[in-house]
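K.L.:
Got a structure for you, questions after.
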Amino acid sequence: MSKRAIILAGGKGTRLRPYTVVFPKPLMPIGDYPILEVVIRQLVRHGFNHITLAVNHQAELIRAFFGDGAKWQVQIDYSQENEPLGTIGPLRLIPDLPQHFLIMNGDVLTDLDYATFHDMHVAQDRLFSISSYQREHKIDYGVLHTNKAGTLTDFREKPSTSYEVSMGIYMANRDILKYVPNTPYGFDNLMLDLLKDKREIRVEQYSGYWLDIGRPDDYMQAIDEFENVRNRFIDE
């Protein structure tokens, strides 16, 4: 089965400044490799044979590094944005999308089994699938609960809350394109439109390894951990 992936690699990486002043975020290093090369190696290992990079900011550097993908034995082509189009908007610029395809951010470090995620979605002919993760959010302060009179009623020292969050990895049916306008359009816009139309969106929770290296804390954690766990991500 042919497997197609669209990798979103056009962002400016503003959350990672000053690291991204010189390099685009997808070329930020994790160990010996840019994060986007790690992602591409993983996709190839999981059977993806055609990868489209949706590029914008510093696109020429990304094109120069990855070329046509021959180095990784995969077909790589490019979709050039002339203006930022959000997470889902760039799909409008890709004319040859198959019926089902993977969409993902280019700054995700995870050991997710992309092939299983892809095949499960295709086998059930789903409209949209989201890979999710339980994330703990810790408040670094003592949290006060007060009543209307200003009297303390409860206190919690540095509490944490668990949220189910998107990993930035999706499977889509090309039928979603009817929702995508020729203007900037994000993942959030699509989710709200699908929910409004009562369309089914499936969520697959993942409990393995996942970091969003677009966040400075996650990026530093990835740098610290990568050498010890690199065989979980790439074959060398």
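K.L.:
Go through 86-98, 189-201, 43-55 and give me the packing order, highest mean Cβ count within 10 Å leading.
P.N.:
Packing order, densest peptide first, comes out as 43-55, 86-98, 189-201.
K.L.:
How high is the relative contact order of the stretch 1-159, in percent, with contacts defined as C-alpha pairs under 8 Å that are six or more residues apart?
P.N.:
24 percent
K.L.:
Return the calculated 222 nm mean residue ellipticity for the chain, to the nearest 500 deg cm²/dmol, obtained by summing -39500 (n - 2.57) across DSSP H runs with n ≥ 4 and dividing by the residue count.
P.N.:
So the helix-based figure for the chain works out to -6500 deg cm²/dmol.
K.L.:
Separation of the stretch 181-236 and the stretch 79-109 by C-alpha centroid, Å?
P.N.:
14 Å
K.L.:
Can I ask one more? Ratio of Rg to Rh for the stretch 1-136, alpha carbon only, Kirkwood?
P.N.:
Rounded to two decimals, Rg over Rh is 0.94.
K.L.:
Expressed in whole Å with the largest first, what are the equivalent ellipsoid semi-axes of the chain derived from the C-alpha gyration tensor as the square root of 5 times each eigenvalue?
P.N.:
Rounded to whole Å, the semi-axes are 32, 23, 18.
K.L.:
Additional query: Give me the extension gain from Gln80 to Arg202: residue separation times 0.36 nm, minus the current Cα-Cα distance, reported in nm with one decimal.
P.N.:
41.0 nm
K.L.:
Sequence neighbours fewer than 8 away in the same chain don't count; with that in mind, list the lysines whose C-alpha is under 16 Å from Lys198.
P.N.:
Within the straight-line limit of under 16 Å, Lys198 reaches these lysines: Lys178.
K.L.:
Let me ask another. Using 10 Å bins from zero, what percent of all Cα-Cα pairs in the stretch 114-211 falls into each bin?
P.N.:
Values per bin, smallest distances first: 12, 32, 24, 17, 12, 3.
K.L.:
Then there's this: Apply 1/(1 + (r/R0)^6) to the Cβ-Cβ distance of Arg215 and Leu177, taking R0 = 25 Å, and write down the FRET efficiency to the nearest 0.05.
P.N.:
0.25
K.L.:
Report ³J(HN,Hα) in whole Hz for each residue of the stretch 33-42, in order, from the Karplus equation J = 6.51 cos²θ - 1.76 cosθ + 1.60 where θ = phi - 60°; Gly and Pro get x.
P.N.:
Couplings: 10, x, 4, 5, 5, 4, 4, 5, 4, 5 Hz.
K.L.:
Turning to a different aspect of this structure: Between Arg63 and Asn147, what is 0.36 nm times their sequence separation minus the Cα-Cα distance? Round to one decimal in nm.
P.N.:
Length difference between fully extended and current span is 24.4 nm.
Any read-out appearing in this document is the output of simple, stated calculations on the displayed coordinates, not a laboratory observation. These numbers were taken from a predicted model, which means no experiment stands behind them. Neighbour counts run over all protein chains shown; Cβ positions are idealised from the backbone, glycine included.
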